[in-house]
Amino acid sequence: MCGICGEIRLDGAAPDAAAVAAMAGPLRPRGPDAGGSFSQGAVAFGHRRLSILDLSPASQQPMVDPGLGLAIVFNGCIYNFRPLREELRAKGYAFFSDGDTEVILKAYHAWGPACVERFYGMFAFVLWERDSGRILIARDRLGIKPLYYTESGRRLRFASSLPALLAAGDVDTSIDRAALHHYMSFHAVVPAPMTILRGVRKVPPATTITIEPDGTRRERTYWEAVVGERPEDRHMSEADWREAVLATLRKAVERRLVSDVPVGVLLSGGLDSSIVVALLAEAGQRGLKTFSIGFETVGDEVGDEFKYSDVIAERFGTDHHRIRIDSARALPALHGVVAAMSEPMVSHDAIGFYLLSEEVSKHVKVVQSGQGADEIFGGYHWYPPMMQADDAVATYARVFFDRDQAEMAEVLEPGFLADDASRAFVAAHFARPGAPRPIDKALRIDTEIMLVDDPVKRVDNMTMAWGLEARVPFLDHDLVALAGRVPAELKIRDGGKYILKEAGRRVVPAEVIDRPKGYFPVPALKYLRGPFLDLVRDVLSQPAARERGIFRPAYVDRLLAEPEAHMTPLRGSKLWQVALLEFWLQTHKI
């Protein structure tokens, strides 16, 4: 797990090593253990290392294989690298390291860009062929590992984070109006390749980009989520699906144990992380370190779920750590949270993951997390309305969007208001084949788009801010594919995630399963009061905010007058959403 960056020149000029060094600086938290650089021909690569596999210098990056004429910078983990290495050895390849990076190099030499289809893991990498000058850029199926880039003329720079690109300069930082629309309407989800900045793009998930020395590009999507029942599954009973889900999840959890350092678990006390702990215990893990976080209660909003995480910790004998955070610590940490965001992320739990990761990183370098289960197994409250939807796009917009187009016109100044980009995007995604029913369309867009650019991105940014690698077994692509085949009725029933709950009953105490659905609660950011509200007022009154002029003053004044009266359909604060964008822009000096 690491941070990568680099510059590629397609105009015959030498790459700017100083720019690459400037990008590597902000990536240091992602890879605090070591750094390296490489420059030859048209490329210059930079790398920051978090040592998880093969702790020796043999797996340092950038990695160069002189015999094959290949060089790579890679962020992530290939969980099946050992069986792949044996397969490649049988083909005659010799290895000089014991990690997964070298396996990617040999796999590319053996199978070309299609090698990514053989990988179980999370990854973003850029690979250079010395003799041809060809470049391969790749990102994993579910976009777990990020990769941003910016172009100027025939120069391309890339990095694991957007702030790293800004550090090198020469970036168009004007606001992308369509991306702004998504941020304000599509619940802060800005689909790839867009970012909030016009001059920065991101590689879409499940994508390879091949760049020839003359600048010619080939972009290929190598995997898609398919959601909907299949004729060949008609013989499957509920019991069959339950056993298939548990068996596939068991493999996913075991795959993510590959490590040369201990692996812990972020234990929220909910079903998803509890199943992960149970299956790790079943796999023989003893003394497993688990971590839970809690905030103080605000009004009726309980700020922790320790009573549930304690049940799991006691049942499976984990080395459990309760981490309680009060608002006095949360408020100053917000500046670090926003600085760690590659893109503005409005969800309240970003600060929870940030503070949790700070503490967890003192104990372990790797954790498994329950992220992704709600999206692939239908756990959210907006899914049941999609079961009966006559107009899939209209229903999804009603239950998920933060604002309709009429309110968008009240929010944004005319120069920043785009056409209804969010609704058009959803309509185009829903029109694709492979998800026949409205509920299938909603589950697919949430798996391919919302999941990637909301919870997955948030967890990556907040954990890697402290050099902590988060692995997400629910996003194992075999499990995602299986979940897509499960009949929607078996996912949505009884409050959602029905089939996962039934599978979980085999390994998890019933009191954790049959409980009200919880979230990662951070009440102070949901109900902006006291010093949190003062911070918001300060951010929105800064000269930079007034000069930028994104938001209509009358709308902002209305939110400030009654912050708790203006909530989105997903129960987020509209005021925090407005303030967070400005907070992010100011923090990154945009």
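The values are calculated or read from the model by the stated rules, or taken from the named source; none is laboratory data. Because the structure is predicted, anything quoted here is derived from the model rather than measured. Note that each Cβ is placed from the backbone with ideal geometry, even for glycine, and that neighbours are counted across all protein chains shown. What goes into the accessible areas is simple: the full protein's heavy atoms, side chains included, and nothing from ligands, DNA or RNA. Shrake-Rupley method; radii C 1.70, N 1.55, O 1.52, S 1.80 Å.
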With +1 on the Cβ of every Lys and Arg and -1 on the Cβ of every Asp and Glu, the dipole magnitude of the range 127-210 about its Cα centre, in debye rounded to the nearest 20, is 100 debye
Going by the alpha-carbon gyration tensor, a ≥ b ≥ c the square roots of its eigenvalues, is the range 1-121 rounded (a/c under 1.5) or, if a/c is not under 1.5, prolate (a/b greater than b/c) versus oblate?
oblate
In whole Hz, the Karplus estimates of ³J(HN,Hα) for the range 376-388 (6.51, -1.76, 1.60; θ = phi - 60°; x where Gly or Pro) are 8, 10, x, x, 8, 6, 8, 7, x, x, 6, 5, 10
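Count charges around Ala34 for me, please; just the other residues with Cβ under 9 Å from its Cβ, Lys/Arg as +1, Asp/Glu as -1. If you can, show how the numbers build up before the last one.
Working: positive: Arg48, Arg49; negative: Asp33.
Charge balance in the 9 Å sphere: +1.
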Per-pair calculated FRET efficiency, R0 = 60 Å: Arg177 and Leu55 via Cβ, rounded to 0.05
0.80
Which FRET efficiency value, to the nearest 0.05, do you get for Arg315 and Ala339 by plugging their Cβ-Cβ distance into 1/(1 + (r/R0)^6) with R0 = 60 Å?
0.95
Put +1 on the Cβ of every Lys and Arg and -1 on every Asp and Glu Cβ in the chain; which of Gly69, Leu249, Ala313 then has its Cα farthest towards the positive end of the dipole?
Gly69
Over the chain, what is the relative contact order in whole percent, taking alpha-carbon pairs under 8 Å and six or more residues apart?
16 percent
Shape of the range 407-484, Cα gyration tensor, a/c cut at 1.5:
oblate
Classify the range 55-108: rounded, prolate or oblate, from the alpha-carbon gyration tensor (a ≥ b ≥ c, eigenvalue square roots; a/c under 1.5 rounded; otherwise prolate if a/b is larger than b/c)?
oblate
Expected sort for 583-590, 261-268 on mean C-beta neighbours within 10 Å, highest first, is 261-268, 583-590
Return the sequence-ordered ³J(HN,Hα) values of the range 48-54 in whole Hz as given by the Karplus equation 6.51 cos²θ - 1.76 cosθ + 1.60 applied to θ = phi - 60°, using x for Gly and Pro.
10, 10, 10, 7, 10, 10, 6
Probe radius 1.4 Å, ligands and nucleic acids left out: which of Met194, Met462 has the largest accessible area, and how do the rest follow?
Met194, Met462
Using just the helices of the chain, give the 222 nm mean residue ellipticity in deg cm²/dmol: DSSP H runs with n ≥ 4 each add -39,500 (n - 2.57), and the total is spread over all residues, rounded to 500.
-11000 deg cm²/dmol
Is there a quick way to get the dipole size of the range 239-374? I mean about its Cα centre, with the Cβ of Lys and Arg at +1 and of Asp and Glu at -1; what is the value in debye to the nearest 20?
560 debye
Mean separation of Cα contacts under 8 Å (at least 6 apart) over the residue count of the range 446-590, i.e. the relative contact order in percent, is 14 percent
Note, Leu535: beta-carbon cut-off 12 Å, +1 each Lys/Arg, -1 each Asp/Glu, net -1
Positive dipole terminus of the chain, leading residue within Leu560, Ala328, Pro473 (C-beta point charges):
Pro473
Straight-line reach from Lys365: which lysines have Cα under 23 Å away, leaving out those fewer than 8 places along the same chain?
Lys145, Lys251, Lys289, Lys457
In Hz, Karplus ³J(HN,Hα) per residue of the range 21-31 (6.51, -1.76, 1.60; θ = phi - 60°; x = Gly, Pro)
5, 5, 5, 5, x, x, 8, 4, x, 5, x
Given the Cα-Cα distance of Asn80 and Ala561 and 0.36 nm per residue of separation, how much length would full extension add, in nm?
167.7 nm
Per-residue SASA entry for Asp140, accessible area with 1.4 Å probe, Å² rounded to 10
0 Å²
For the chain, build the charge dipole from Cβ charges (+1 Lys, Arg; -1 Asp, Glu) around the Cα centre, then report which of Gly6, Ser573, Gly199 sits farthest towards its positive end.
Gly6
Charged-residue dipole, Cβ positions (Lys, Arg, Asp, Glu), the chain about Cα centre, Debye nearest 20
800 debye
The summed charge of the Arg89 Cβ neighbourhood (under 12 Å; Lys/Arg +1, Asp/Glu -1) stands at +1
Given H placed 1.01 Å from N in the peptide plane, which residues other than close sequence neighbours of Arg141 have an amide H under 5 Å from its amide H?
Ala206
